[in-house]
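Participant: The structure follows.
Please treat every number below as a calculation from the coordinates, not as lab data. Because the structure is a prediction, the values reported are computed rather than measured. Neighbour counts run over all protein chains shown; Cβ positions are idealised from the backbone, glycine included.
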Amino acid sequence: MNQPIRIYIIHEHQLLIDVVTALLRREQAIALVGEAANLDHLIPADGESRADVILLDAALSALDARQVTWRLKCTYPTAQVIVMGLEPREEAVLQFIEAGASGYLLKHASYSELLYTINAVHQGQTPCSPRIAALVFARIKALTHERYRRQQVSQVCFTQREREVLQLLASGHRNHDIAQQLGIALETVKRHVGNIFDKLQVRSRREVIQRVAEGGLLDAITDGPSSRVA
């Protein structure tokens with residue numbers, strides 16, 4: 001005989017907990033192991049009280065979604081999290097998916113959708129709408145592209161002087177200011193700026209600043225072979 005799916009409910013409204021609990025108790029394949037009004041009242045998992053699936057009130061997202069998920073995973077390391085009552089906004093759904101939620105239910109979801117999502121998540125699936133699936137794949141694609149671009153940047157070799165020019169350039173300094181601060185000729189600055197553009201494969205100062213603002217560029221770039229500082 002298959003073991004029932006153990007459910008833990010976290011919701012700030014006791015009435016909703018009572019209604020959902022009453023409905024779920026009628027399901028032979030489901031066992032309720034606990035309930036809480038907020039994260040501060042979680043009962044630590046132990047033996048039979050260990051949850052397979054946690055039903056989480058989306059209203060608790062007043063806290064950071066990652067913080068909520070982390071706290072749940074600390075208490076119930078193996079549990080899958082389903083967020084209930086989400087607003088039909090794509091960013092709200094993505095926030096919890098990125099934080100580690102395995103499923104979600106919008107505010108207008110029915111009881112049959114709740115049962116379907118519980119069973120799907122317990123079987124290792126991640127039910128979501130085609131639109132959300134497309135957004136998740138787009139987000140993964142963007143992150144992969146960004147990681148590839150940073151890897152490419154980390155392989156670029158800059159001379160020490162180019163690094164100095166790049167740092168000032170990214171801070172918004174013009175060529176004349178850079179020449180004065182570094183004590184070099186204006187034409188020399190222009191040559192270094194041109195080399196930086198070529199190595200980063202950009203066409204404008206704005207693109208250089210954007211690369212730096214995206215994080216890690218100045219830390220990621222490596223010094224090139226030692227050369228005469230001009």
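Participant: More than 24 angstrom separation, counting every C-alpha pair in region 105-208; what % is that?
Facilitator: So the portion of pairs separated by more than 24 Å is 52 percent.
Participant: At a 10 Å Cβ-Cβ cut-off, how would you order LEU56, LEU182, fewest neighbours first?
Facilitator: Listing LEU56, LEU182 from fewest to most nearby Cβ atoms yields LEU182, LEU56.
Participant: Convert each backbone phi in region 193-206 into a coupling constant with the Karplus relation 6.51 cos²θ - 1.76 cosθ + 1.60 (shift: θ = phi - 60°), then list the ³J(HN,Hα) values in order as whole Hz, x for Gly and Pro.
Facilitator: 4, x, 5, 5, 4, 5, 5, 8, 6, 10, 10, 8, 5, 4
Participant: Quick one: Karplus J couplings for region 30-38, per residue in order, coefficients 6.51, -1.76, 1.60, θ = phi - 60°, nearest Hz, x for Gly and Pro?
Facilitator: 10, 10, 8, 10, x, 8, 7, 7, 7
Participant: Full-extension gain between ARG25 and ARG174, please, as 0.36 nm times their residue separation minus the C-alpha to C-alpha distance.
Facilitator: 46.7 nm
Participant: Ranked by Cβ crowding within 10 angstrom, fewest neighbours first, how are THR78, THR117 ordered?
Facilitator: THR78, THR117
Participant: Using amide H atoms built in the peptide plane, which far-off residues or other-chain residues are under 5 Å from ILE9 H to H?
Facilitator: Counting only residues 5 or more places away or on other chains, the set is GLY34, GLU35, ALA36, LEU55.
Participant: Straight-line reach from LYS199: which lysines have a Cα under 19 Å away, not including same-chain ones fewer than 8 places off?
Facilitator: Straight-distance partners of LYS199: LYS190.
Participant: Another question about this same structure. By counting other Cβ atoms within 10 Å of each Cβ, how are CYS128, CYS74 ranked from fewest to most?
Facilitator: Lowest count first: CYS74, CYS128.
Participant: I'd like the projected area of region 5-128, averaged over all directions, using the convex hull of its alpha carbons. Report it in nm² with one decimal.
Facilitator: In nm², the orientation-averaged hull projection of region 5-128 is 6.8.
Participant: Hey, can you grab everything whose amide H is under 5 Å from the amide H of LEU105? Only 5+ residues off in sequence or another chain; H modelled, so Pro and N-termini drop out.
Facilitator: Residues meeting the amide H criterion: VAL83, MET84, GLY85, LEU86.
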